[in-house]
Amino acid sequence: MSVEIATTDSVLVTGAGGLVGSALVEELRSRGVETVLAPRRGELNLLDQQAVFDYFEQHRPVHVFHPAAKVFGLGGNTRFPGEMFYENALININVIEACRRFGVRKITALGTGCVYPESLGGSLLREDQVWDGAPHGSEWAYAQAKRAMLAQLVAYQQQYELDFVYAISGNLYGPGDLFDAENGHVIPSLVAKFHRALTEGGKVTVWGTGRAERDFCFSSDTARALIMSHEQLTGPVNMGSGVVVTIRDVVEGLVEVTNGAVELEWDATKPDGQMRRFYDLSKLQSIGFQPQFDLKAGLRSTYEWYAKNYPHVRR
Ligand SMILES: NC(=O)c1ccc[n+]([C@@H]2O[C@H](COP(=O)([O-])OP(=O)(O)OC[C@H]3O[C@@H](n4cnc5c(N)ncnc54)[C@H](OP(=O)(O)O)[C@@H]3O)[C@@H](O)[C@H]2O)c1
């Protein structure tokens, strides 16, 4: 259902200190929304159901954007599947139930591409295929908690007419990311490695051949896509920039940003990961979404933010 976010509507953003949350807060404020509620974990622990209900009762948000999630690094997903499921499932159950109890007009929640079945491999993934098989083993618990959130949203739409968008997002990056050089997502990890090599010396070793292809969406573009989807779409919506690049393009972009001053080493004996993972973006593109940042501009902005804020960055 179409809904408009009026500048006088109060809008809650969960996980507002994170990559997506901080970009959403900035985008909503730049649109003139007067009351953007952005509680950090210290003010509102989303695992605490009573605290969540009390917060909603007190602040009465009209719209909710829900990017908050327990996100572990690569190793953590396989080492702590129980914690992963429990915390994500609980956070989502609390937030969505509060939306229902306190009459939120619409919620846009963040899913992940991991919810898609492993068996669909490198094919173009459509929103109606989420339930067509089991997710990949390495991220199984995380993916199942995110699937449970979609199930809850569908059930609440059926019984309570709670309107929602469930954003199925691929690779995101930007200022404010978690820059874990060893176990993090590919772009923030490379940004941290390039910065370390530039400031402390040494080479950057890149795993794989660089031929794996991905769609990376810059965080402020993601925030715009989320707000446009919230206003104009309903149900599951794939998110992405619509531009596919290779890991080698990312590395070359960072070489350019650092003026070629960093020595590179490719370790082709290490795995590339999945070679292709693409999402059918026709639903998002049907409302006219176009990214404003290409890879080069996004990498420059991310690297400059990191260099300026280091060491006060999430690592
Ligand atoms: N980044 C990606 O490439 C990517 C790809 C696909 C989907 N997604 C999804 O997009 C969403 C946002 O991702 P992101 O990269 O922005 O994550 P992020 O930077 O790690 O942000 C997550 C936020 O959630 C908060 N949070 C976690 N547990 C909480 C709790 N119990 N109470 C209150 N706040 C809590 C965190 O606060 P603290 O910092 O205090 O822990 C953090 O600010 C997630 O749902 C993720 O699954 C991300």
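The values are calculated or read from the model by the stated rules, or taken from the named source; none is laboratory data. Values in this document were obtained by computation on a predicted structure and should not be read as measured data. Cβ coordinates were reconstructed from backbone atoms using ideal geometry, including for glycine residues, and neighbour counts include every protein chain displayed. Side chains included, ligands, DNA and RNA excluded: accessible areas come from the protein's heavy atoms. Shrake-Rupley method; radii C 1.70, N 1.55, O 1.52, S 1.80 Å.
Give me the one-decimal nm value for the distance between modelled label points at Glu265 and Ser10, 7 Å along each residue's Cα-to-Cβ direction.
Placing both labels 7 Å along Cα→Cβ, they lie 5.5 nm apart.
Over the C-alpha atoms of segment 34-106, what are the Rg and the largest Cα-to-Cα span, Dmax, in Å?
Rg, Dmax (Cα atoms, Å): 13.4, 42.
If I stretch the segment between Glu161 and Met1 completely, what's the gain in nm (0.36 nm per residue apart, minus their alpha carbon distance), one decimal? All intermediate terms of the calculation are to be shown ahead of the outcome.
Values: separation 160, 0.36 × 160 = 57.60 nm, distance 1.07 nm.
Residue separation times 0.36 nm, minus the Cα-Cα distance, leaves 56.5 nm.
Using only C-alpha atoms and all pairs of different ones, pull out the Kirkwood radius for segment 151-304 in Å with one decimal.
Numbers: mean 1/r = 0.0592 Å⁻¹.
Answer for segment 151-304: a Kirkwood hydrodynamic radius of 16.9 Å.
Quick one: the Cα spread of the chain along its three principal axes, in angstroms, biggest first?
56, 41, 38
Looking at the chain, do any whole DSSP H helices span at least 18 angstrom along their long axis by alpha carbon and average 0.0 or above on Kyte-Doolittle, and which?
Values: long enough: 81-101 (30 Å, -0.05); 140-160 (29 Å, -0.30); 186-200 (21 Å, 0.58); 219-232 (19 Å, -0.54); 295-309 (21 Å, -0.90).
Answer set is 186-200.
In the chain, what percent of the accessible surface is made up of carbon and sulfur (1.4 Å probe, ligands and nucleic acids excluded)?
Values: 6950 of 14280 Å².
Using a 1.4 Å probe with all protein chains present, the chain comes out at 49 percent carbon and sulfur.
Find how much the distance from Glu304 to Arg40 grows on full extension, using 0.36 nm per residue of separation minus their present alpha carbon separation; answer in nm with one decimal. Numbers along the way, then the final one.
Values: separation 264, 0.36 × 264 = 95.04 nm, distance 2.48 nm.
Full extension from Glu304 to Arg40 adds 92.6 nm.
May I ask for the distance between the Cα centers of segment 1-73 and segment 275-297, given as a whole number of Å?
24 Å
Give me the one-decimal nm value for the distance between modelled label points at Arg248 and Arg276, 7 Å along each residue's Cα-to-Cβ direction.
Inter-label distance under the simple model: 1.7 nm.
Using a Gaussian network model of the chain whose springs link C-alpha atoms within less than 10 Å, name the residue from Arg79, Arg105, Arg40 with the highest mean-square fluctuation.
Between Arg79, Arg105, Arg40, it is Arg79 that shows the largest mean-square fluctuation.
Which ³J(HN,Hα) values, rounded to whole Hz and listed in residue order, are derived for segment 122-131 from phi using the Karplus coefficients 6.51, -1.76 and 1.60 in 6.51 cos²θ - 1.76 cosθ + 1.60 with θ = phi - 60°, glycine and proline given as x?
Taking θ as phi minus 60°, the curve returns x, 7, 6, 8, 9, 4, 7, 9, 3, 8 Hz for segment 122-131.
Could you calculate the contour length gain from Glu57 to Arg79, that is, 0.36 nm times the residue separation minus the distance between their Cα atoms, to one decimal place in nm? Write out the running numbers ahead of the final one.
Numbers: separation 22, 0.36 × 22 = 7.92 nm, distance 3.69 nm.
Gain in length upon complete extension: 4.2 nm.
Cα convex hull of segment 242-315: mean projected area in nm², to one decimal? Present the calculation step by step, with values, prior to reporting the outcome.
Numbers: hull surface 28.4 nm².
Mean orientational projected area (segment 242-315, Cα hull): 7.1 nm².
Put a dot 7 Å past each Cα toward the Cβ at Arg196 and Asp128; how far apart are the dots in nm?
Modelled inter-label distance: 4.7 nm.
Using only helices, what value at 222 nm comes out for the chain when you add -39,500 (n - 2.57) per DSSP H run of length 4 or more and divide by the total residues, to the nearest 500 deg cm²/dmol? Walk me through the numbers before you get to the answer.
Working: 10 runs with 130 residues, N = 315.
Roughly -13000 deg cm²/dmol at 222 nm, from the helical runs in the chain.
Given a 1.4 Å probe, how much area per residue of segment 10-309 is accessible, in Å²? Walk me through the numbers on the way to the answer.
On the way: 13080 Å² over 300 residues.
Each residue of segment 10-309 exposes 44 Å² on average to a 1.4 Å probe.
Looking at this model, which pairs from Lys70/Lys308; Lys106/Lys193; Lys146/Lys203 are more than 30 angstrom apart at the alpha-carbon?
Values: Lys70/Lys308 27 Å; Lys106/Lys193 40 Å; Lys146/Lys203 37 Å.
Going by Cα-Cα distance, Lys106/Lys193; Lys146/Lys203 fall outside the 30 Å limit.
Could you report the accessible area of Asp9 in Å², rounded to 10, computed with a 1.4 Å probe on the protein chains as they sit in the structure?
20 Å²
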